[in-house]
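**Q** Starting off with a structure, shown below.
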Amino acid sequence: MSETFNIGLGNNDSEIRKQSESDFIAFWADQAKKLAWFSPWDKTLEWNPPFAKWFEGGLINASYNALDIHQKNKANKPAIIWEAESGESRILTYKDLWIEVQKFANGLKSLGVTKGDRVTIYLPMVPELPISMLACSRIGATHTVVFSGFSSASLRERIEDSKSKIVITSDGGYRRGKIVKLKEIVDEAIQNFDFVKNIIVLERTKEPIQLTSRDILWSDLIKNAPSECEAEKLDGLHPLYILYTSGTTGKPKGVLHGTGGYLTHLYSTFEWAFDIKDSDVFFCTADIGWVTGHSYVVYGPLLHGATEIIYEGAPDYPEASRMWDIIQKHKVSIFYTTPTALRMFMKFGNDIPNSFDLSALRLLGSVGEPINPEVWKWYYEIIGKEKCPVIDTWWQTETGGIMISALPGIETIPLKPGSGTRPIPGVNISIVDEEGKEVPPNTKGYLIIKNPWPGMLLTLWGDDEKYKKAYWSKFQNVYYSGDYAKIDEDGYFWLLGRADDVLKVAGHRIGTAELESCMVSHKDIAESAVCGIPDDLKGEVIIAFAVLKENVKKEYAVLEKEISDKIRNDIGPIATPKQIYFVSKLPKTRSGKIMRRLLKAIANNDSIGDVSTLEDVAAVAEIQNTVQELQKSIKEKNN
Ligand code: PRX
């Protein structure tokens, strides 16, 4: 029996769950009515598996729902309280944000951006990032935000795949007091791309930059732009954004989200999970470059007219206390972060948070990776002072919004540290075995989603076939999440990590195939395999194995540095392996598949189990020796 915590906010609206159980389509239609539509939809759901059309024919605009509807009652309410890494703050009220968005939308229009065009946004965490997104959605352009920690090669791949007409960036961004020169990265990324018409450059750091004829400064673009720009009336299915994420194939997948369904999902979950009230100050620490930032920094809070914090920099910069300092300074009441960040804060010791006034907090959330029960309890006791419910929210880039979570906004149920509790109303999730049959309680299986849900991706950008194959082919007409989970005797869901070749390092999704193909593009590497091993801080870290081409005579240390640099350059620092092992062959099955399970076991010094399907058993002994020797020498060096 796991420990339970009876803590809630006293809300209990059992009607919502009851309604969702009788007819999920009618239920979501009722939720959608809470948004502002220019005209109603024809049919709530057209389900032609695996393609769902939610609210087709209805006319709506995301930017209108985030801004215009608040002008009557909340014009002077802070929408964004931006905290720079340097400590400076900037407040944008709903009116300020509305005007900035309209001006910038007019600026985009003046460059010829129209409905359906794609715009890549490569910006640090500054208010102009949400402003750019909302300006795009206002005029019907599809935004594609690329996390500003990604390399120029990753950015290039995304700009090319989306065929973006415009790239929005800044001269640079601050990270731990240093400047990352984003404009230079963009220049490298777009070489020979004639389809990119303009680069809009925000002056954040004011460092000197090279401007070419297709570059235009943000300030020049909006200087004479009118401050009124009517929101386009867009179909419920209009593509709001593409967000690239790693999957099991070498190339990142362009997850495409629509408008009406996505906004409905966010509107509902933001209220149910976070119990948002007019007086709250909401702080989600995610970078907008990831889906959490899209859904619960940009769209979710703004749809509700909430006040939120957007923080520019690293969570432990310049001091380990930075987050607690922000919470105290701005009286944050709802805090949403990741287990990796929490593990780091926990390591810094309790004295740090204990020396801050965190009394405004009333609800805490976690997302992105499994939260260990010890970390949950620390969060509950030390940060929440045993008075805030801690919600563990499970979802994915593809689901658009939260799918499994305790929902203090509508329900009070006992919390179990490490469990997401139950699926949200209106979704049908279960755990199945290899044959697609539901597993008994407390049995590990695959997490699947049986009915379409409003926030679900429309497809993968430009690749319906890949969409079908990646999510809908393992089990007939049900969505395969790629995650393992189990349901306990009380019906609580426990997420148990990825079931596919996707790694989760510090909560970031990294595809093994993407990393391997990057490694073999190094001229000295013939073959490679990567796998994740558990890590106290990051949840999981990457271990790589490389087989060198014949006659390569370089020292391993030199090669290791070259490969790490290449990964940083081609993908980004988040994908750098903790350790690279050089071996003469990789363990493969007779059909030629690399046995990652085995590599993982060896790297962890675990039992290697059944190797009867292995093609060459000698490969195992060699890898075991290499790993042991390397681990020994690292230990000696450390002593
Ligand atoms: O493995 C699950 C893990 O993160 C994956 C989705 O990653 P991404 O698309 O980057 O979105 C992250 C933010 C929503 C999932 O397949 N994951 C996410 N939330 C949790 C989680 N694992 C366990 N517990 C969670 N709360």
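The values are calculated or read from the model by the stated rules, or taken from the named source; none is laboratory data. Computed from a predicted structure; not experimentally measured. A quick note on method: Cβ atoms are made from the backbone with ideal geometry, for glycine too, and the neighbour counts reach across all protein chains shown. These area figures cover heavy atoms from the full protein model, side chains too; ligands, DNA and RNA do not enter into them. Shrake-Rupley method; radii C 1.70, N 1.55, O 1.52, S 1.80 Å.
**Q** Can you order the peptides 621-627, 87-93 by their average number of other Cβ atoms within 10 Å per residue, highest first?
**A** 621-627, 87-93
**Q** Given 0.36 nm per residue, what is the gain on full extension from Glu465 to Ile179 after removing their alpha carbon distance, in nm?
**A** Full extension from Glu465 to Ile179 adds 98.8 nm.
**Q** Rounded to two decimal places and with Rh computed the Kirkwood way over Cα pairs, what is Rg over Rh for region 283-407?
**A** That ratio is 0.93, to two decimals.
**Q** Same structure again: Considering just Cα atoms, how many Å³ per residue does the convex hull of region 557-639 enclose?
**A** Hull volume over Cα atoms, normalised by residue count, gives 115 Å³.
**Q** Here's something else I'd like to know. Among Gly305, Ser481, Asn11, flag the residue with its Cα farthest along the positive direction of the charge dipole of the chain, charges on Cβ as +1 for Lys/Arg and -1 for Asp/Glu.
**A** The listed residue farthest towards the positive side: Gly305.
**Q** Could you pull out which residues in region 408-440 have an amide N less than 17 Å from a spot 7 Å beyond the Cα of Lys450, following the Cα-Cβ vector?
**A** Residues 422-440 fall inside that zone.
**Q** Out of all Cα-Cα pairs in region 42-127, roughly what percent, to the nearest whole number, are more than 16 Å apart?
**A** Cα-Cα pairs in region 42-127 separated by more than 16 Å: 70 percent.
**Q** Which residues in region 490-516 place their backbone N less than 14 Å from a point set 7 Å from the Cα of Phe475 along the Cα-to-Cβ direction?
**A** It comes to 499, nothing else.
**Q** Another question, then. To check you understand DSSP bridge types, tell me what percent of the beta bridges within region 502-638 (both residues inside) are antiparallel, rounded to 5.
**A** 75
**Q** Once you place label points 7 Å from the Cα toward the Cβ at Val520 and Ala621, how far apart are they in nm?
**A** Output for this residue pair reads 2.7 nm.
**Q** Could you give the dipole magnitude of region 502-638 about its Cα centre, charging the beta-carbon of Lys and Arg +1 and that of Asp and Glu -1, in debye to the nearest 20?
**A** 160
**Q** When the chain is fully extended, how far beyond the present Cα-Cα distance does Glu374 get from Thr249, taking 0.36 nm per residue of separation?
**A** Length difference between fully extended and current span is 41.6 nm.
**Q** A follow-up question, please. Need one number for region 502-638: average projected area of the convex hull over its C-alpha atoms, nm².
**A** 8.4
**Q** I need the per residue convex hull volume for the chain, using only the alpha carbons, in cubic angstrom as a whole number.
**A** With only Cα atoms used, the chain gives 165 Å³ per residue.
**Q** If you don't mind, another one. Per residue, how much accessible surface does region 502-638 expose to a 1.4 Å probe? Answer in Å², no decimals.
**A** 50
**Q** Calculated from DSSP H runs of 4 or more alone, at -39500 (n - 2.57) each and per residue, what is the 222 nm mean residue ellipticity of the chain, nearest 500?
**A** Only helices count here, giving -8500 deg cm²/dmol.
**Q** Name the long-range amide H neighbours of Gly497: under 5 Å, sequence gap of 5 or more, or other chain; modelled H, no Pro or chain starts.
**A** Tyr484
**Q** Something else: As an exercise, use a Förster radius of 56 Å and the Cβ-Cβ distance of Leu537 and Glu160 to find the FRET efficiency, rounded to the nearest 0.05.
**A** 0.95
**Q** Under the definition of Cα pairs under 8 Å and six or more residues apart, what whole-number percent is the relative contact order of the chain?
**A** Relative contact order here is 13 percent.
**Q** To the nearest 10 square angstrom, what accessible area does Ser148 show with a 1.4 Å probe?
**A** Result for Ser148: roughly 30 Å² accessible.
**Q** While we're here: Explain nothing, just compute: Karplus ³J(HN,Hα) = 6.51 cos²θ - 1.76 cosθ + 1.60, θ = phi - 60°, for every residue of region 112-118 in order, whole Hz, x for Gly and Pro.
**A** For region 112-118, the Karplus curve yields x, 6, 10, 3, x, 5, 9 Hz.
**Q** Putting +1 on Lys and Arg Cβ atoms and -1 on Asp and Glu Cβ atoms, find which of Asn569, Ile623, Gly260 reaches farthest to the positive end of the dipole of the chain.
**A** Asn569
**Q** Positive end of the charge dipole of the chain (Lys, Arg +1 and Asp, Glu -1 on Cβ, about the Cα centre): tell me which of Asn354, Asn61, Thr399 has its Cα farthest that way.
**A** Positive-end residue among those listed: Asn61.
**Q** Run through the DSSP bridge list for the chain and note the antiparallel percent, rounded to the nearest 5.
**A** Taking every DSSP beta bridge within the chain, about 60 percent pair in antiparallel fashion.
**Q** Where nothing but the Cβ of Lys and Arg (+1) and of Asp and Glu (-1) is charged, how large is the charge dipole of the chain around its Cα centre, in debye to the nearest 20?
**A** In debye, rounded to 20, the chain gives about 660.
**Q** If R0 is 51 Å, what FRET efficiency do you get for Leu630 and Ser355 from their C-beta distance, rounded to 0.05?
**A** Efficiency computed from Cβ-Cβ geometry: 0.75.
**Q** Name the lysines eligible as straight-distance cross-link partners of Lys165: C-alpha to C-alpha under 16 Å, and not fewer than 8 places from it in the same chain.
**A** In chain and number order, the partners are Lys109, Lys115, Lys197.
**Q** Applying 1/(1 + (r/R0)^6) with R0 = 30 Å to the Cβ-Cβ distance of Glu188 and Lys553, what FRET efficiency is obtained, to the nearest 0.05?
**A** Efficiency, from the Cβ-Cβ distance: 0.45.
**Q** Setting aside same-chain residues fewer than 8 positions from Lys74, which lysines have a Cα under 25 Å from its Cα?
**A** Result set, ordered by chain and number: Lys33, Lys34, Lys95, Lys103, Lys233, Lys277, Lys329, Lys331.
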